[in-house]
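Structure first, then comments.
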Amino acid sequence: MTIAVYQGVDGAYSQLVIAHYLREAGLEATTVGVPSYREMATTVASLRADVGVIPIENAIGGTVREGYDLLAEFDLSPMAEVHWRTDHRLLGVPGAELRDVREVLAHPLVIAECGRFLAGLDHARAIPCEDTGVAAREVARGGNPAVAALAPPAAGVTYDLVELAANCTDDPNTYSRFLIVRSRHADGDHPLASKPQSKRRKTSLIFGVEEKTGSLARCLAILAERNINGDKLESKPFLGHGTERIFYIDFDGDVDDANVASAIGELRRCCRTLTVLGSYDAHSGAPIGANEHPPVAAAVAAALHARRIEAIPVPAETPFPRVSRISRPEGTALRVGNVRVADGEFVIVAGPCSVESREQIVETAKAVKAHGAAMLRGGAFKPRTSPYAFQGLGWEGVALLAEAGRATGLPIVSEVMTIDQVERMAEQVDVLQIGARNMQNFDLLKAVGRAGRPVLLKRGLSATIEELLAAAEYVLSEGNPNVILCERGIRTFEPATRNTLDLSAVPVLRERSHLPVFVDPSHGVGVRRWIGPLCRAAKAVGAHGLLIEVHPNPPEAKSDKDQAMTFGDFAEIVAELDRIPIASLDRHSAFGSAPPVGKAAGVPQ
Ligand code: PEP
Ligand code: MN
């Protein structure tokens, strides 16, 4: 049985699309709805579902950019595109009358598609809803004849609603584009592996160029010179990166066509960033959109959760196939808000060991931002050796950290210690830190792997490099590819420093893994005056970023006071670091010039 996952509840368009696609492919399938696109993506990426579906564009409402971004973030591979005719009906509870409707629940894209119809409904206002299935379900649950939903006829059948109006879209030809996706790590036994490819293939890319005259034209010329037909182009500013714009583009052809491959090679040279989302079967003919009514999925949701991670094909040679450099020779760059990690910028994460008060964290946030930090870090749940030592402010600390993050615009990082903290922490912080003491708390690693937030994973006090990589594999195996590895010192026989900062781990990790590598000299040496030199060494040896503890008044810090920098010390360190160039991989390393396996794309980051 093929398991397909979509965002929404029974009756959502995504469910109709995926069920139709799989039926056409001759597969017996179960469709399972999850609350968000992000969860859909992690479910597919972790192989707990075979396929997923992402809405990507609506003919009237425009691009659903989140769809493209999720493909890139979760390494999903598009297989086919489906154009689905959106046939919206106004559905109400039995006995409802069109003239009595006061509220219309609908997905924002559906509201856009039905603008004229809604404008003509006197006294009714549109209320956005996460998907069409939810809109229909809420109308049925509420039982209020004054509330109706814009949804497909199938949703009316599912929820016993009656049709109050048909042909609600502004243009009867409107349709939505959906992409059917699977994990790039799915093996040859994938249920759709034997499906023949259609003759017409399409490729989607995301690229970023400097905003200067002619840079987009140059990229388009590369396609035109090769007679490649562009199908769609959309741009957005790269917020916080004033001189760069991001473009989403679809064009005809497959990355395996020589013509397309040469265009992509050329584009890489002109673009600041370029991500190939993949090639897939293009939709042919008119949009489809039958009056579909797939089986109710609730009873089978359990099947999805029962799918064991053991099902993931793991090559025997390495305990960390997804973390290994071999799986991504070009390296992983990730974004946290507007901050680019391992993408040509050296990232400094700074803040106090513990959040202690509003004044302390806001003052620190402003100071570290002014001196060049890109993210703010503060502990709210502290792993302390003694149970009588300050344990952190808990959720109050998280709220204060979030406040300081908002006040300065800095993304925030905080440690999560237990599984039951993960979900709530993921709602409030941008990066989940796993502390050294929890590096091998495997259930916690799996939980953060499902949380949909980047993870900063610290090396354990006496963990080997291989154990750190295997710990990261737990996070990736759950579908979260966004992990930053962090060397923070290990326990040795040497008592002069708090730990022994193993800077040799940096080139080793960079060679063995594609993940970004940070260094935390604060915990590494534990002595304020030695942190500066080690920050410089870490940058020189190839770290992508640093974690530095900073406090407005170090002697008064409630934890780790001996290693906290003053604002002045921090400013000096950053100024010194600015003079050290970012190190690229050493050309003598195994991946420095040519990765031994896989297609190399540019210089490994
Ligand atoms: C910290 O970051 O404050 C911390 C407790 O770090 P580690 O887990 O590396 O000891
Ligand atoms: Mn600390």
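Assorted remarks:
- All positions within the stretch 429-451 that are open to solvent by 10 Å² or more (accessible area, probe 1.4 Å), of a type outside the set (A, V, I, L, M) and more than 13 Å from R377 (Cα to Cα): R437, N438, Q440, N441, F442, D443, K446, R450
- Members of the stretch 142-167 that are of a type in the set (A, V, I, L, M, F, W, C) and either surrounded by 22 or more Cβ atoms within 10 Å (Cβ to Cβ) or outside any loop (DSSP other than H, G, I, E, B) (or both): V147, A148, A149, L150, A151, A154, A155, V157, L161, V162, L164, A165
- When restricted to residues that are buried (at least 18 other Cβ atoms within 10 Å of the Cβ), within 16 Å of ligand 2 (Cβ to nearest atom) and aliphatic (A, V, I, L, M), the stretch 518-576 contains 11.
- Some residue of the stretch 502-509 being open to solvent by less than 40 Å² (accessible area, probe 1.4 Å), touching a strand residue (DSSP E or B) at 6+ places or on another chain (Cβ under 6 Å), within 13 Å of ligand 1 (Cβ to nearest atom) and among the acidic types (D, E): yes
- Residue pairs whose Cβ atoms lie under 6 Å apart, separated by 6 or more positions or on different chains, with the first residue in the stretch 183-207 and among the aromatic types (F, W, Y) and the second surrounded by 13 or more Cβ atoms within 10 Å (Cβ to Cβ), are F207/F247; F207/C271; F207/L274.
- Selection status of G62, under 25 Å from R450 (Cβ atoms), open to solvent by 10 Å² or more (accessible area, probe 1.4 Å) and of a type outside the set (F, W, Y): no
- Sub-7 Å Cβ pairs linking a first residue in the stretch 456-479 that is on the phi > 0 side of the Ramachandran plot to a second residue that is assigned to a helix (DSSP H, G or I), at least 6 apart or interchain, are G479/T42; G479/T43; G479/A45; G479/G449, ordered by first then second residue.
- Residue check, A193 outside any strand (DSSP E or B), at pLDDT below 90 and either under 30 Å from G95 (Cβ atoms) or of a type in the set (A, V, I, L, M, F, W, C) (or both): yes
- Hey, L22 over 25 Å from the mean Cα position of the chain (by Cα), in a helix (DSSP H, G or I) and touching a residue at least 12 places away in the same chain (Cβ under 8 Å) or not: yes
- Count of residues meeting criterion [part of a helix (DSSP H, G or I) and of a type outside the set (A, V, I, L, M, F, W, C)] in the stretch 365-407: 7
- Residue in the stretch 29-38 that is open to solvent by 50 Å² or more (accessible area, probe 1.4 Å) and not basic (K, R) present: yes
- Filter pass, A470 being more than 25 Å from R335 (Cβ to Cβ), at pLDDT 95 or above and away from ligand 1 (no atom under 16 Å from the Cβ): yes
- Selection within the stretch 498-508 - under 21 Å from I580 (Cα atoms) and either in a loop (DSSP other than H, G, I, E, B) or under 25 Å from the mean Cα position of the chain (by Cα) (or both): L501, D502, L503, S504, V506
- Checked against (1) in a strand (DSSP E or B); (2) within 34 Å of the chain's Cα centre (by Cα), E138 passes all but condition (1).
- Cβ pairs under 7 Å, 6+ apart, first in the stretch 372-383 and at negative phi, second open to solvent by 20 Å² or more (accessible area, probe 1.4 Å) and near ligand 1 (Cβ under 7 Å from one of its atoms): P383/R437
- Check on E487, within 11 Å of ligand 1 (Cβ to nearest atom) and closer than 24 Å to P329 by Cα: yes
- Residues located in the stretch 331-364, provided they are assigned to a helix (DSSP H, G or I) and within 16 Å of ligand 2 (Cβ to nearest atom): Q360, I361, T364
- Selection within the stretch 9-19 - open to solvent by less than 10 Å² (accessible area, probe 1.4 Å) and assigned to a loop (DSSP other than H, G, I, E, B): G11, A12
- Sub-7 Å Cβ pairs linking a first residue in the stretch 521-547 that is polar (S, T, N, Q) to a second residue that is surrounded by 18 or more Cβ atoms within 10 Å (Cβ to Cβ) and assigned to a helix (DSSP H, G or I), at least 6 apart or interchain, are S522/I531; S522/Q563, ordered by first then second residue.
- Residue count for the stretch 468-497, restricted to those that are assigned to a loop (DSSP other than H, G, I, E, B) and out of contact with any Gly (no Cβ under 8 Å at 6 or more places or on another chain): 8
Residue-by-condition table, conditions (1) in contact with a helix residue (DSSP H, G or I) (Cβ under 6 Å, 6 or more places away or on another chain); (2) farther than 24 Å from T158 by Cβ:
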residue: Q7; (1), (2): yes, no
residue: H20; (1), (2): no, no
residue: L27; (1), (2): no, no
residue: T31; (1), (2): yes, no
residue: R38; (1), (2): no, yes
residue: T43; (1), (2): no, no
residue: G52; (1), (2): yes, no
residue: A72; (1), (2): no, yes
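- Flag for E24 being over 22 Å from M1 (Cα atoms) and of a type outside the set (V, I, T): no
- Residue count for the stretch 39-59 under the criterion of being assigned to a loop (DSSP other than H, G, I, E, B) and either open to solvent by 10 Å² or more (accessible area, probe 1.4 Å) or out of contact with any Gly (no Cβ under 7 Å at 6 or more places or on another chain) (or both): the result is 5.
- The number of residues in the stretch 337-361 that are surrounded by fewer than 19 Cβ atoms within 10 Å (Cβ to Cβ), modelled with pLDDT of 95 or more and in contact with an Asp or Glu (Cβ under 9 Å, 6 or more places away or on another chain) comes to 1.
The values are calculated or read from the model by the stated rules, or taken from the named source; none is laboratory data. Predicted, not measured: the structure shown is a model, and the values here were computed from it. In this analysis, Cβ positions are derived from the backbone assuming ideal geometry, glycine residues included, and neighbour counts consider all displayed protein chains. The accessibility values were calculated without ligands, DNA or RNA, using every heavy atom of the protein model including side chains. Shrake-Rupley method; radii C 1.70, N 1.55, O 1.52, S 1.80 Å.
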